[in-house]
Every structure is written in structure tokens, then in C-alpha cells.
1. With both bridge residues required to lie in region 75-138, what share of the DSSP beta bridges run antiparallel, to the nearest 5%?
2. For region 1-127, what's the relative contact order in percent, using C-alpha pairs closer than 8 Å and at least 6 residues apart?
3. Give me the distance in nm between label points sitting 7 Å out from Cα along the Cα-to-Cβ direction at Ile49 and Asp21, one decimal.
4. Run lengths n ≥ 4 of DSSP H only: what is the helix-derived mean residue ellipticity at 222 nm for the chain, with -39500 (n - 2.57) per run over all residues, to the nearest 500?
5. Of all DSSP beta bridges located in the chain, what percent are antiparallel, nearest 5?
6. Using the Cα gyration tensor of region 1-135, with a ≥ b ≥ c the square roots of its eigenvalues, what is the shape: rounded (a/c below 1.5), prolate (a/b larger than b/c) or oblate (neither)?
7. On C-alpha positions alone, give me the angle between the axis of helix 100-109 and the longest principal axis of the chain, in degrees, nearest 10.
8. Mean-square fluctuation check for the chain, GNM, Cα pairs under 10 Å: which of Tyr48, Tyr39, Tyr56 is largest?
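Each value in this text was obtained by applying a stated rule to the coordinates, not by laboratory testing. Bear in mind that the values here come from a model prediction, so they are computed numbers and not experimental data. Don't worry about glycine lacking a Cβ; one is built from the backbone with ideal geometry, like all the others, and counts go over all protein chains shown.
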Amino acid sequence: GPMCMQGYCNDPEATAQTIKDGWLHTGDLVRYDDEGYFYVVGRKKEMYISGGENVYPVEVEQILRQHPLVKEAAVIGTPDTKWGEVGHAFLAVEEQLDTQIFAEYCRQHLAKFKIPKYFTLLGELPKGDSGKILKKKLAELPVPRI
């Protein structure tokens with residue numbers, strides 16, 4: 001609509017990718033509840049493709065956050081020579097544990113292709129001023145190699 005942003009400053013290519021036929025394509029993934037409330041649950045650009053299958057990190061994060069030892073969870077896609085991309089889960093936990101605990105938990109609750117290949121345990125996940133987890137900072141951390 002007319003209250004939509006007009007475009008990115010000096011970046012017509014990004015503007016053309018974002019505003020199409022007058023509609024602002026944010027890439028937000030949302031859900032709504034039985035009362036009609038909408039919730040932003042993730043970003044389309046965070047999706048990664050593992051072995052030809054789309055994986056939405058928010059789904060994996062929701063499962064991991066249900067584990068009683070996990071305070072926070074974030075999942076990103078990371079390059080893999082066999083599968084193209086695989087999941088790398090970053091978990092905020094109180095103490096250092098065997099990451100196989102979380103891999104097994106995922107095996108019980110997720111399809112095989114959605115189970116992260118890598119798990120990194122941290123005391124706290126990096127956040128911005130708004131409290132949002134900074135996945136770009138996580139992507140800069142080294143990937144453990146198995």
C-alpha cells in the first residue's frame with residue numbers, strides 16, 4: 001500500500017527483489033492461533049536445503065527448546081560436501097554436556113534430514129539490543145568437524 005517503504009537507498013536491485021507489484025515481500029514466516037492472532041516465527045531466507053529437502057530452522061529450534069536442559073536454541077545452515085547444507089545447532093545450556101544427548105532427542109522428534117549435524121553448546125547465545133539472537137554472529141563461529 002501507500003504506507004509501504006519506497007525502496008532501499010541507492011540499491012534498485014534489492015528494491016526490485018523486495019517490492020513486487022506494489023507488495024512488500026519481507027520473507028517473514030508467520031502462524032496464527034485460534035483467536036486470529038498472528039506471530040512471526042522465522043525468516044524464509046534462514047531456510048536451508050539439505051539433501052534436496054527444505055529445512056526451516058524455526059521448526060528444529062522449537063523442538064530443541066522443549067528439551068529441559070536447553071535455555072535457548074538457534075539453528076543455521078552450514079555448507080556440507082555431501083548434502084549441500086546441514087544444520088548447526090547452537091544451544092545455551094547451564095553446563096557442558098555430551099552433545100549426543102541433543103542429537104538423540106532430535107532423532108525422537110524430527111525427520112532424519114532435519115536433525116542438525118553439528119551441535120555447539122554455549123552459556124548464552126549472542127543477542128542484539130532488542131534481545132534477538134544474532135545468527136550472523138553464530139555463523140562466524142567455527143564449525144566443529146566430526
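1. Here the share of antiparallel DSSP bridges comes out near 60 percent.
2. Result for region 1-127 is 18 percent.
3. 2.4
4. Working: 4 runs with 31 residues, N = 146.
Dividing the helical sum by the residues of the chain leaves -5500 deg cm²/dmol.
5. Expressed as a percentage, antiparallel bridges in the chain total about 80.
6. Values: a/c = 2.00, a/b = 1.74, b/c = 1.15.
Note, shape of region 1-135 comes out prolate.
7. Result, in degrees: 60.
8. Result for the chain, Cα springs under 10 Å: Tyr39 fluctuates most.
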